[in-house]
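Take a look at the structure set out below.
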Amino acid sequence: MPTVASSLGTDLIGISWALLAYQISSIGLSIIFGRVSDLWGREKVFGLGFLVFSLSSLLCGLSLNVMQLILSRFVQGVGGAMLQSSSRALAAESVPEELAGRAQGYMTTAHHVGFVLGPSIGGFMIDYLSWRWSFFLLVPIGLCGAVLTLASLRRRPPVSQHPNVCIDYLGAAFLVATTTTLVLIFDRRTHEIIGSNMKIALALLFVGCLAALIIHESKTSSPFVNLSLFRIRRFSFSVVSLLIIAMCYALTGFLMPFYLQDILHFSATTVGLLFMAPSILTVALAPLSGYVSDRLGPRAPATLGAAIMVASLTVGGLLRTDSHWFLPALLIVLSAITNGVFNPANSTAMIAMMLRKHRGFASSMNSVTFGLGNVVGIALGGFLMAIAFEHYTGLTGAGPTTDNPG
């Protein structure tokens, strides 16, 4: 971020808008594209998503000022929403029903392989080429994805579509407004940009948009958010449990680096090595969780994953200023095991067991719920840090900074 800010002649607040723009469009539009994929075909939305992502990545790399970067990142988030809303549904439909769990396991593995490789490759690009090449590299990758999707589309038999269904434009507007305001309420970068005094206005706007969305979607004949699906206990419970797990995972992931570096005085290298464990364990455990989901059903591994997260948070409650390094390491490992065991099973329950005509919506709900859980978890972590700082320093309204972490 500092490298990009310096290159474009802006500050970190300006770059924060670029990060926030992607988050808003990717979360805000995922459910819309999930519904569109149910109506007009997932491969089309998925392939178009690769094209939009490639073009916007090129524009990001060519940006001459921060405003161009913000707009390009917003469009990149649109492409991300198209990909996220269809990917897990496509995985579920690409294999026989008895292999649905393993398909979700491999999806989780692929995601975390990218999570491991992405920062390393991006850092290499910045150090030896330019930050622009971290975006340029995505262009051929996205084009390859579009070509492969097109080839798959031609091989697949035609599926029934619904070209005559009316598009619920008003519902889409309410949905985007609701998800966007929810992200802005909890995103800590937003408070730095617009000030904390706007939080009440955003909260009131969110409540109004949510109420309008629920009322409108309950009356329209072709809603973007099919409220009747939430009466399916397995689906609604899976959504709630995913939100809670994502919040807890983000909370610990946000707080632990501060604890390890500022309290236990670990080096940045040691902290980085410790935080490689979550992705490595997730990559290793996700296919196994998928296999167990196929054999025993998703409930058992999902419940086990949630129980392990409870154990992880229990370990977190035992941490002190003089704790042995083993305790935070155990917390990180248990959280990683939760991720690898819970996510494939829960995705199977949410998506693979849903009727085909609703899988795009279910897949997008999976993505949106996970994204919102991360936003809320990080916001909760920042709030807890501020409360602890006030308690131990006696400075009302103060908060920890990089110079004085508390």
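A short reminder: the numbers here are calculations on the coordinates, not readings from a lab. Keep in mind that what you see is a predicted model, and the values were worked out from it rather than measured. We place every Cβ from the backbone using ideal geometry, glycine too, and count neighbours over all the protein chains shown.
Details
- Cβ crowding within 10 Å ranks 209, 60 as 209, 60, fewest other Cβ atoms first.
- Of interest is the spacing of the C-alpha centroids, which for region 214-284 and region 323-339 amounts to 17 Å.
- Candidate lysines - alpha carbon under 18 Å from residue 44, same-chain residues fewer than 8 apart omitted: 357
- A simple rule links phi to the HN-Hα coupling: the Karplus curve 6.51 cos²θ - 1.76 cosθ + 1.60 with θ = phi - 60°, which for region 102-107 gives 5, 4, 5, x, 5, 5 Hz, with x for Gly and Pro.
- The per residue volume of the convex hull around the alpha-carbon atoms of the chain is 147 Å³.
- HN-Hα J in Hz across region 21-37 - Karplus 6.51, -1.76, 1.60, θ = phi - 60°, x for Gly and Pro: 4, 5, 4, 5, 6, 5, 7, x, 9, 4, 5, 4, 5, x, 5, 4, 5
- Most mobile of 345, 277, 211 in a GNM of the chain (Cα contacts under 10 Å): 211
- For the chain, a Gaussian network of Cα nodes joined below 10 Å ranks 339, 65, 374 by mean-square fluctuation, and the top entry is 65.
- Computed helical MRE - 222 nm, the chain, DSSP H runs ≥ 4 contributing -39500 (n - 2.57), nearest 500: -26500 deg cm²/dmol
- Per-residue Cβ neighbour rank within 10 angstrom, fewest leading, 310, 341: 310, 341
- Compared with the dominant principal axis of the Cα atoms in the chain, helix 299-317 is inclined by about 10°.
- Computed P(r) (all Cα pairs; region 1-91; 5 Å bins; percent): 3, 17, 23, 21, 14, 10, 7, 4, 1
- Derived scalar couplings ³J(HN,Hα) [region 332-347; Karplus, 6.51 cos²θ - 1.76 cosθ + 1.60; whole Hz; x for Gly, Pro]: 5, 5, 5, 5, 5, 4, 4, 4, x, 8, 6, 4, x, 5, 5, 5
- Ranking of 267, 72, 152 by neighbouring Cβ atoms within 10 Å, starting from the fewest: 267, 152, 72.
- Relative contact order %, region 2-393, counting alpha carbon pairs below 8 Å whose residues are six or more apart: 26 percent
- For region 176-300, the fraction of alpha-carbon pairs in successive 10 Å shells from zero, as %: 10, 22, 29, 26, 11, 1
- The long axis of helix 169-186 is offset from the longest Cα principal axis of the chain by roughly 10 degrees.
- A Förster radius of 51 Å, combined with the Cβ-Cβ distance separating residue 326 from residue 68, puts the computed FRET efficiency at roughly 0.60.
- Most mobile listed residue (57, 222, 279) in the chain, GNM with C-alpha springs under 10 Å: 222
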